[in-house]
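In what follows, a single structure is set out as structure tokens and then discussed.
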Amino acid sequence: MSAWVLVTGGATRLGREIGLAFANAGWNLICHYRNSESEAQTLCEEVRALGVLARPLFAELESEQSCHELYHHAQEISHNALSCIVNNASLFVPDNAHDFEEEQALEQLRVNLIAPMRFGKWFYESTSKAPPGTHKSPASIIHILDQKVFNLNPDYFSYTVSKLALERLVALQAQSFGPHIRVNAISPGLIYPSGPQNLENFKIASKANLMGTPTAPEEVAQSVLFLAQNSHITGTTIKVDNGQHLIPTARDIMFVTDQLIRSKP
């Protein structure tokens, strides 16, 4: 019987790549979405064509009730055999330490941190009570971080704070949930244009790393799959960013690149 994975924010961009990587490896997919229903439906059709099962599920991750409904429906669909949760969904809103809006900061914390905490709590409750043999290997949770966690700058202040806390959650959940659940994370580099970033900016910024090449989303997705399938790894973060975290910048790379573009004669 194929294992089931729940990917939050799974309809587009990196979430889509992660879902396809799991499906190509024979996993059944539950694709969570919020604003991308048609994309979620399309992805699930593609996944079913690969010979595995797929279901789209809507949820707003800000509220406990909506998160719980998503988790409950995911377990129903998988017949209580969910094997992996990938916390990929996140809010990314520009702000800084001296003028952030409190409600917007709290909303980012709810989606980027509290939702993964909730899913972990409920997943542990379910998994620790599961009959022997339900999972071929320990179930797992994989958090999607950001290279900003290891290369701090003050831009996107509330988002960065939420991801810093999520990075610390990896070890704390791993300690709390073993031996029933493994908890790991992936810290990707710049993969897609974000926020107000234009294509010219992205093409330059995406190469601002030790390897001088953009981070390929399919390689990030394969790293997520690797963590899901290697039963001996827990409490670990893998950086998939071509070494971007080793090149410190005073500001977010998007703004540094913008300054370079403007300074060209």
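Here is the figure for the stretch 153-175: residues that are modelled with pLDDT of 95 or more and in a loop (DSSP other than H, G, I, E, B) total 0.
With respect to residue 209, determine if the residue is more than 14 Å from the chain's Cα centre (by Cα) and surrounded by fewer than 15 Cβ atoms within 10 Å (Cβ to Cβ). So residue 209 fails the test.
Look at residue 10 and say whether it is of a type outside the set (Asp, Glu) and within 12 Å of residue 86 (Cβ to Cβ). Full working, then the answer.
Working: of a type outside the set (Asp, Glu): yes; within 12 Å of residue 86 (Cβ to Cβ): yes.
Spelling it out, residue 10 is indeed of a type outside the set (Asp, Glu) and within 12 Å of residue 86 (Cβ to Cβ).
Would you check which residues across the stretch 28-46 are out of contact with any Cys (no Cβ under 8 Å at 6 or more places or on another chain) and either surrounded by 17 or more Cβ atoms within 10 Å (Cβ to Cβ) or touching a residue at least 60 places away in the same chain (Cβ under 8 Å) (or both) and list them? It would help to see each step written out before you state the result.
In the first step, residues of the stretch 28-46 are kept if they are out of contact with any Cys (no Cβ under 8 Å at 6 or more places or on another chain); the result is 28, 30, 32-39, 41-42, 45-46.
Listed by number, the residues that qualify are 28, 30, 32, 33, 34, 36, 39.
Among the residues of the stretch 126-152, how many are of a type outside the set (Ser, Thr, Tyr) and at pLDDT 90 or above? Summing the residues that are of a type outside the set (Ser, Thr, Tyr) and at pLDDT 90 or above in the stretch 126-152 gives 13.
Answer with yes or no whether residue 167 is free of Cβ contacts under 8 Å to residues at least 40 places away in the same chain and either farther than 29 Å from residue 243 by Cα or not aliphatic (A, V, I, L, M) (or both). Steps first, answer last, please.
Values: free of Cβ contacts under 8 Å to residues at least 40 places away in the same chain: no; either farther than 29 Å from residue 243 by Cα or not aliphatic (A, V, I, L, M) (or both): yes.
In short, no.
Please go through the stretch 223-243 and give me each residue that is touching a Pro at 6+ places or on another chain (Cβ under 9 Å) and buried (at least 16 other Cβ atoms within 10 Å of the Cβ), ordered by number.
Residues of the stretch 223-243 touching a Pro at 6+ places or on another chain (Cβ under 9 Å): 223, 231, 234, 239-242.
Matches in the stretch 223-243: 223, 234, 239, 240, 241, 242.
The values are calculated or read from the model by the stated rules, or taken from the named source; none is laboratory data. No experiment lies behind these values; they were computed from the predicted model shown. Every residue, glycine among them, receives a Cβ derived from its backbone with ideal geometry; neighbour counts consider all protein chains shown.
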